[in-house]
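The values are calculated or read from the model by the stated rules, or taken from the named source; none is laboratory data. Bear in mind the structure is a predicted one, so any value in this text is a computation, not a measurement. Cβ coordinates were reconstructed from backbone atoms using ideal geometry, including for glycine residues, and neighbour counts include every protein chain displayed. Remember, those area values only see protein heavy atoms, side chains included, never the ligands or the DNA or RNA. Shrake-Rupley method; radii C 1.70, N 1.55, O 1.52, S 1.80 Å.
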Amino acid sequence: MRDMRTLARLFHLFKERCDEPVDNASAMFVKGNWNFLVDSIESFTSDDEPGKIKHGLKNTLYYLLLNASNILEGQAMTRDCQTSRKQYQDFAIVLKHHQNIVFADAKYQINKSRQERLRLPDRLPEEDSLSQLRNHCLSVINQMSAQEEVHGSDYIALRNATCCRITLYNARRGGEASRMQIDQWATRQKWFNEEQLNNVRNRELFEKMQVVYGTGKGNHLISIIIPNDCVEAMNLLIDQDNREASGILATNNFIFARKKSTHHLIGSDCIGTLCRLLDIPSFDINATKQRARVSTIFAAQDIPEADRGYFFKHMGHSAEVNENTYQRPLPVMAMEKVGTFLNKVDGKFMSLSYMLQLNFNLSEGTSGTS
């Protein structure tokens, strides 16, 4: 409905600019009317402030027009109308050809605003708030896990605390850890065999945590690591007697199941619920900020390049996405490392060939020959 309203508003402007009367919006998808469409787009996306545009709307229009032309082409194919099909194909070609001319300013502004916004320190969660939330989750989990059975409000409290704990621990997206299913937890041991465990250097790690694999964004497998403090809680949550007594349907196979529903919780909702309970501002902590926090801390570590891929695999994204979307720049390190180096170079007016022979020791503030 939103897309159709947007197209309708664009069509209204388009009709005002056409040389000839038009009866329906399909006229916007005729390559001969391209200039009229461009004028309509510029008018539609112009801001009240001179020289500014509504870059989000303009960028949306590109993909909306492209998608609409594909739908119209499909309809023409269904009707076996080759003339109309060719018309929409030609329009899509013209639209893609002019993308960098008509829509480049919107794309630039979006990237610029996004990069600036992501680099603000307040985009990371407050450490004190994060610690308060973590301690609350652990307190609830430890208290409830000591019981032989949990029903009613105790079950709900344990479910929310465990889902929140695992989501933040793994820096997972809000809907990933929360859609774990009972059979995934019950068969988690299948991912390892004794021979593999005998060959690992830190076997004690496998006594401190468990791992479950589920689907992530893009429908690929992602790892969800369960710390030992949540293991007993997970067993209580999948117990059928506990679930039945707490209003969980027998047909619901999700561990973090909603009451009287076949659906699962969303990790972000659990985080928000507990933040409100603890009077933590809702904007302080969420799944995205935690992913940014963990990605930033990881970027500051001295980890071999070959090992970094395992982290990106766990996060469910590439190194490029980690750097450009989640990882917050480290201004302190930039000042310390790069600033120190530039201070050394500044004022050393000597030949470039000699400069290249120097080995700058950034940490000690001295330089020596390599």
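Residues in segment 251-276 that are without any contact (Cβ under 8 Å) to a residue 40 or more places away in the chain and open to solvent by 10 Å² or more (accessible area, probe 1.4 Å): Thr251, Arg258, Lys260, Ser261, Thr262, His263, Gly272, Arg276. Restricting segment 60-75 to residues that are surrounded by fewer than 18 Cβ atoms within 10 Å (Cβ to Cβ) and not β-branched (Val, Ile, Thr) leaves a set whose member that is farthest from the chain's Cα centre (by Cα) is Gln75.
Within segment 1-56, the set of residues being open to solvent by 90 Å² or more (accessible area, probe 1.4 Å) and of a type in the set (A, V, I, L, M, F, W, C) comprises Met1, Met4. For segment 16-32, residues that are under 16 Å from Leu65 (Cα atoms) and of a type in the set (Lys, Arg) total 1. Scanning segment 1-26 for residues that are of a type in the set (A, V, I, L, M) and in contact (Cβ under 8 Å) with a residue 40 or more places away in the chain yields Leu7, Leu10.
Just need a number here: residues in segment 206-245 that are at pLDDT below 80, of a type in the set (S, T, N, Q) and closer than 18 Å to Arg134 by Cα.
Here is the first cut: in segment 206-245, the ones at pLDDT below 80 are 206-209, 214-222.
Now restrict to residues that are of a type in the set (S, T, N, Q): 215, 219.
Subset that is closer than 18 Å to Arg134 by Cα: none.
So the answer is 0.
Taken over segment 259-279, the residue count meeting the criterion of being among the charged types (D, E, K, R) and in a loop (DSSP other than H, G, I, E, B) is 3.
Please count how many residues of segment 36-55 are assigned to a helix (DSSP H, G or I) and out of contact with any helix residue (DSSP H, G or I) (no Cβ under 7 Å at 6 or more places or on another chain). Don't jump to the end; show me each part of the working.
Here is the first cut: in segment 36-55, the residues assigned to a helix (DSSP H, G or I) are 36-45, 55.
Filter again for out of contact with any helix residue (DSSP H, G or I) (no Cβ under 7 Å at 6 or more places or on another chain), leaving 42.
So the count comes out to 1.
Figure legend. Inter-residue proximity from segment 86-99: first residues among the aromatic types (Phe, Trp, Tyr), second residues open to solvent by 50 Å² or more (accessible area, probe 1.4 Å), beta-carbon distance below 7 Å, spacing 6+ or different chains. Indicated pairs: Phe91/Lys31.
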